Amino acid sequence: MEKYKKELNDADAIELLHQYNEDLLPRKFGIIGKTWTLFLFIGFLTGIYCYTNQLKQGLVITGMRDFVFWGIYISNFVFFVAISLVGSLITAILYLLRISWRAPITRLSEVIAVAAITFAGLIIIVDMGRPDRMVNMILHGRIQSPIIWDVMVVATYMMLSILLLYFPLLPGIAFCRDRLNGIPKWQKRMYSFLSLGWKNSPEQYKIVKKAITILSITIIPVALCIHTVTSWLFASTYRPGWDSTNFGAYFVSGAFLVGSGGVIAGMYLLRRFYPAYDKYLTDDHFDRMAKLMVLLAMVYAYFSINEYLIPAYKMKGEDSEHLNELFTGYYAPMFWSVQIFGMIVPMIVLLFKNGRKPLPTFIMAVLVIICAWFKRYLIVIPTMSFLPVQEIPEAWKHYSPTLQEWLITGGSLAGALLIITLFVRFFPIISVWEIAEERGISEGVIYKHMHEGNEK
Amino acid sequence: MKEDNSQDNKTTRKDFLRKSLLSGGVLASGVIGINKLIADEKDSGEKVKVLTADGKLVEVDSGNISKCQASTTTPSSEARIGIPGKKYVMVIDLSRCKHALKCQDACQRYHHLSGMNVWLKVFKMQDSENTAPYWLPKPCMHCDKPPCVKVCPVSATYKREDGIVLVDNERCIGCRFCMAACPYSTRSFNWQEPEFLSESKGAVYSPETGFPQKKGTVEKCDFCPDMLREGKLPHCVTACPNGVFYMGDLNEDTVSNGSETVRFSQLMNDKGGYRLNEILGTEPSVYYLPPVSRLFPFKDAEPGKGKMDASE
Amino acid sequence: MKNNLLIRTLTGNTILISLLVGALILSRKEAIAQGAKDSASLLAGQADKLSFTMYLSSIVSNGNRSVKVQVRRKENKKTISVVNLKSPINLYLNEVKENNPTDGTGWISKLHLNHEGEGTFEFPSKFNKLTSGLHEYTFIAKMDSDLIYKDVEDEITISDAKIDIEYTGEDSIKTVTATLSAWKDLAYVPVPEIEVKLGIKRTFNFLPFGDPGLSTDENGEIFGELPLDIPGNANGTLTIVARLEDDETYGTVEATADIPWTVLPKINPLRGRTLWSSGDNAPLLLVISSVTIIVIIWGTIIYLIYLLFRIKRLSKASYTYGQK
């Protein structure tokens, strides 16, 4: 990491800080940005509209029935929870390990985490038959139920993620408040409110740093819990394919993989649309993230082998129906696609130096994300489809999501992307003061410079 | 009407009338409306106020109100505790079942089940090519260590002291975790607003009848606790022409299928009773007698006979 | 009025059927049927009266007499109980006539069939006093208030009989003796060679004991040996039932008796702190550990929020760079 840490005299340092601020202040979207935002907004509204239909008519508008009673809402929930885990990976783990290249990507990963966990919470409400009775969870909650654990841990993780996003963002918000000119009044007021009157005093920075350390330590067990408890929603039943002691570790490892994919994709897109960012999100960052992804894919492969091959070796009666459908039956094309393109291909491509260039890394990351979504589908649905069932309409044995169900699910994905997009539009997605610190500029200079922004 | 209520004071009679109108439809026959119409009783001239199903207060001639049994609706709080001193068990004799499906018919009718919701299913069982097929009626197992109750986040499904597992569909949030947890797949979900006969509308809900069903909630076989409270056998037991189902109280060591009453322990001993999936440790309250020395040769079901086949 | 109420209370299919039936009834002025099914068959042109058969039975339980009436009809070769019959059935003692207040003969009561198709009249004790001279009863049930079915009737003649239960309990053998006796001339005399069932009263029906199919001996007695290990009632008794079922001469005669019993039921209500109890009864370890975790994590969160307030307070404090 030597190349980041140069000995700088104060004048150079201030010059650099000026440069950073110039590059990294949020700015108005161009035509692509606006179209993208509009697209997401329409997608989100379509989802809401379909959801009102569901509220009126009941879950009958979905493809779910008594035998396949959980569908893409639940698999999408698992996907959201998985991808939200990245916040803790990049921010907390890399922070505590003092990894020096983490600063430019922490905020991106935290925003992804907050957006994903928010919509994880929302999509699980969408799956409820009686969302109007949610208060029963408080009035009559049973601590014995994994759902209550999940509700608590999702709420806790959401709170911690928001705080972990917010504390390091304070100087950035204050900077926007002071430096952004010609912005609407509401935007100014929003910055002013959110900045808590931040004035870059060393005491304030001390508190922020303390809070980040506390948060980094606290969020790691909570993050592990959130996905482990989500896996328990399945593992605590008797169904073949879910009844597994491997599930917690399997889910967590998969979550790290898709989360890192999310960050890589975000990094690439930011660089693509903000050319100035390539000074901060360097090729080296892609290289390092790609190596991390190889490691995570290997860990995931390890748990996947545990999950599928050992039951397949025994082929217990019920397991064999399920596994045969995955390996050679109805779900085989999807199953092998996600294993190969979502795990093995990225693992191999990213082993090569040329494979770790930004574009191939981005492509691998997108593959990982798409496959991860379908992997969750394969974890949730087939288990219910292939129980020996009789006396039910043929249509109930196989599940295929309805259009409205897809639109609601798509709406939730659009909503999460909308949060990330709007964040990029209004807040500095790369933290100036953290980068400056990482690049060896002394605290005193940073605080003073950021403060001088206030005066202007 | 006059005679029936002559001992009651005015308030209780009104109450009775209101209840009759509100919940009379729950009762077995559910034909009050028709009876009233085709009755040849003359107007008695006495006017009484009754609450109609849609909540309006109307004044009608007392002769217009059909006699019907007062509601036995048990409030939710009481339905959570159960019938004191009892521990209900069911015994299903597989050697007698010939897939007559009278149990299912009765169950559907008395619980007013609509759509695809079937509480009592009868499966053709054939474990492997070389083993013989037989019919297996499958109600809720009312497990003593119920996995469905374990996972319920809001105590909407619960285990009572008398061994019955019920669902309170006024509390259920519709997460369907219980359906995932049940290893016997006995639970159904109301994917849409259930359809009822019109006279059932406005019936007073009790978890003991499970009626009226509600959109977005889970339901299942309930062992007919409203019948048990009256000391009567569940509908599937009485409907079966072959005496397949026995119901009884484990504390009394006695089960009855209506025509025969036998000692439970002796029945288990003599016929080699067992429970389904004992390996899961759920401890069901439903026991099976093996399909040996069968009364009927196995015949495959006629297509369209089952409740669900019919609507395929 | 009728139609008003109808429209308010009934909707959907029932309205349609009911109105059609209503029209039919208005034209016929009177009719009787049970439920929509029968109405439908009435509409289908089988407007002739349904053929009803009435069944009367007499029950004497521990000296209390009751009379039960059921009405059945045939449909597709199957016998069906008629339920919720609207027309009342009149019950008479000895003769079809007005009630005679001095000896209780004549009209006794009006019976309505309930939702299970049964109408029962339990004789009040003052009625027993009134008819104390009688030891043979003829019950007549008639639907004479109904114009179509006024001929439907049943008549039974029942002689007075009673059952006495006697219990001899030792450690190794516990026997119940039931004696059936009937009124003859001036006193109750034992009745031999009639099958009397012995049983233990249970939640549903009674559990037979002793040898099955036994008839009374010349002393009118029948013996049964009780199973020693059968659980009794929670209060330390066992309820014995002796029953003569549907006898042509005596009807159903039944006696019950509570005898002391030492085998108590193993009542084990499912309570306690388990994973399948209510939220209030969660296992303590689970409650303690989860509360501990929640308090620690949310304590930290609250502390962090407090730090935000401190940052805000520090913003208000005046601070100028360069003074340091």
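The values are calculated or read from the model by the stated rules, or taken from the named source; none is laboratory data. Values in this document were obtained by computation on a predicted structure and should not be read as measured data. Cβ placement follows ideal geometry from the backbone for every residue including glycine, while neighbour counts extend to all protein chains displayed.
Before moving on, here are some points about what is shown:
- A:F286 meets each of the listed conditions (1) of a type outside the set (K, R); (2) surrounded by fewer than 16 Cβ atoms within 10 Å (Cβ to Cβ); (3) more than 27 Å from A:T245 (Cβ to Cβ) apart from (2).
- In segment B:247-275, the residues that are free of Cβ contacts under 8 Å to residues at least 60 places away in the same chain and facing chain C (nearest Cβ under 7 Å) form Cβ pairs under 7 Å with partners that are among the basic types (K, R) and in a strand (DSSP E or B), at six or more places apart or across chains, as follows: B:D253/B:R263; B:T254/B:R263.
- Residue list for segment A:131-146, filter: buried (at least 24 other Cβ atoms within 10 Å of the Cβ) and either out of contact with any Leu (no Cβ under 8 Å at 6 or more places or on another chain) or touching a residue at least 60 places away in the same chain (Cβ under 8 Å) (or both): A:R142, A:S145
- Filter pass, B:C143 being in contact (Cβ under 8 Å) with a residue 40 or more places away in the chain and either over 22 Å from B:L250 (Cβ atoms) or more than 9 Å from chain A (Cβ to nearest Cβ) (or both): yes
- Candidate set: segment B:193-223, residues that are modelled with pLDDT of 90 or more and within 7 Å of another protein chain (Cβ to nearest Cβ); chosen: the one farthest from B:G281 (Cα to Cα): B:K215
- Segment C:233-255 residues that are more than 24 Å from C:Y55 (Cβ to Cβ), paired with ones that are of a type in the set (K, R) (beta carbon under 6 Å, 6 or more apart): C:T239/C:K201
- For C:S81, the stated conditions hold: it is under 30 Å from B:A239 (Cβ atoms), surrounded by fewer than 18 Cβ atoms within 10 Å (Cβ to Cβ) and small (G, A, S).
- Applying the criterion of at least 1 residues that are buried (at least 17 other Cβ atoms within 10 Å of the Cβ) and of a type in the set (V, I, T) to the strands (runs of 3 or more DSSP E) found wholly in segment B:227-310 leaves B:254-256, B:261-263, B:286-289.
- Failed condition for B:G163, given (1) at positive phi; (2) more than 8 Å from every other protein chain (Cβ to nearest Cβ): (2)
- Counting the residues of segment C:204-215 that are away from chain B (no Cβ under 14 Å) and at pLDDT 90 or above gives 0.
- Among the residues of segment A:193-225, those identified as crowded, with 18+ Cβ neighbours inside 10 Å and outside any helix (DSSP H, G or I) are A:S195, A:L196, A:W198, A:K199, A:N200, A:S201.
- Scope segment A:397-435; condition crowded, with 20+ Cβ neighbours inside 10 Å and over 26 Å from the mean Cα position of the chain (by Cα); matching residues: A:Y399
- Among the residues of segment A:178-198, just one is over 27 Å from A:L96 (Cα atoms) and at the interface with chain C (Cβ under 7 Å from one of its Cβ atoms), namely A:G197.
- Count - residues of segment C:261-298 that are under 47 Å from the mean Cα position of the chain (by Cα) and either aliphatic (A, V, I, L, M) or at negative phi (or both): 26
- Criterion violated by B:K307 - all others in (1) at pLDDT 95 or above; (2) closer than 25 Å to A:W396 by Cβ satisfied: (1)
- Filtering segment A:236-248 to residues that are part of a helix (DSSP H, G or I) and buried (at least 20 other Cβ atoms within 10 Å of the Cβ) leaves only A:F247.
- Only one entry of C:T237, C:T175, C:T274 meets the criterion of being within 14 Å of chain B (Cβ to nearest Cβ), exposed (fewer than 15 other Cβ atoms within 10 Å of the Cβ) and at pLDDT 90 or above, and that entry is C:T237.
- Filter result (crowded, with 20+ Cβ neighbours inside 10 Å and more than 16 Å from B:G163 (Cβ to Cβ)) within segment B:215-225: B:G216, B:T217, B:V218, B:E219
- Filtering C:D144, C:D151 for residues that are more than 25 Å from the chain's Cα centre (by Cα), under 30 Å from C:V83 (Cβ atoms), within 14 Å of chain B (Cβ to nearest Cβ) and free of Cβ contacts under 8 Å to residues at least 60 places away in the same chain leaves a single hit, C:D144.
- Residue within segment C:249-265 that is at pLDDT below 90, within 14 Å of chain B (Cβ to nearest Cβ) and in contact with a helix residue (DSSP H, G or I) (Cβ under 7 Å, 6 or more places away or on another chain) present: yes
Yes or no, residue by residue, for (1) surrounded by 13 or more Cβ atoms within 10 Å (Cβ to Cβ); (2) touching a Cys at 6+ places or on another chain (Cβ under 9 Å); (3) within 14 Å of another protein chain (Cβ to nearest Cβ):
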| site | (1), (2), (3) |
| --- | --- |
| A:H18 | no, no, no |
| A:E22 | no, no, no |
| A:F44 | yes, no, no |
| A:R65 | yes, no, yes |
| A:Y73 | yes, no, yes |
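- C:V96 in a strand (DSSP E or B), more than 14 Å from chain B (Cβ to nearest Cβ) and either over 30 Å from C:A178 (Cα atoms) or modelled with pLDDT of 85 or more (or both): no
- Residue-level check: of (1) on the phi > 0 side of the Ramachandran plot; (2) without any contact (Cβ under 8 Å) to a residue 24 or more places away in the chain; (3) not acidic (D, E), C:G210 misses just (2).
- Evaluation of A:W70 against (1) farther than 22 Å from A:V154 by Cα; (2) among the hydrophobic types (A, V, I, L, M, F, W, C); (3) outside any helix (DSSP H, G or I) (one fails), failing number: (1)
- Inspection of segment B:147-154 finds a residue satisfying the criterion of being without any contact (Cβ under 8 Å) to a residue 24 or more places away in the chain, touching a Gly at 6+ places or on another chain (Cβ under 9 Å) and β-branched (V, I, T).
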